[in-house]
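Below is one structure; the comments refer to it alone.
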């Protein structure tokens with residue numbers, strides 16, 4: 001499955017001060033990543049936030065991966 005994070009994540013200055021969030025929600029990507037980092041499974045996260053899908057959670061990981069791959073020109 002090839003998840004495109006841009007299909008699931010958005011950011012706008014008027015919502016959550018521009019923090020990236022799952023589209024159509026006020027759930028920030030950082031919150032989902034925090035749950036995953038603390039050992040929560042996608043199913044546990046979906047139980048806590050029923051508006052999310054497994055694809056949304058995967059998109060958060062893909063987004064984080066893409067950010068970590070970003071290179072700043074010297």
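Please treat every number below as a calculation from the coordinates, not as lab data. The model shown is predicted, which means the values in this text are computed figures rather than measured ones. No Cβ is skipped: glycine too gets one built from the backbone with ideal geometry, and neighbour counts run over all protein chains shown.
The table below gives the values:
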{"item": "Close pairs from segment 42-67: first assigned to a loop (DSSP other than H, G, I, E, B), partner crowded, with 17+ Cβ neighbours inside 10 Å, Cβ under 6 Å, at least 6 apart", "result": "49/27"}
{"item": "Given (1) out of contact with any helix residue (DSSP H, G or I) (no Cβ under 8 Å at 6 or more places or on another chain); (2) touching a residue at least 24 places away in the same chain (Cβ under 8 Å), number of the condition residue 10 does not satisfy", "result": "(2)"}
{"item": "Residue within segment 6-24 that is surrounded by 13 or more Cβ atoms within 10 Å (Cβ to Cβ) and out of contact with any strand residue (DSSP E or B) (no Cβ under 9 Å at 6 or more places or on another chain) present", "result": "no"}
{"item": "Filtered residue count, segment 23-41, keeping only those that are touching a residue at least 12 places away in the same chain (Cβ under 8 Å) and outside any helix (DSSP H, G or I)", "result": "5"}
{"item": "Filter result (assigned to a loop (DSSP other than H, G, I, E, B) and within 11 Å of residue 57 (Cα to Cα)) within segment 8-22", "result": "8"}
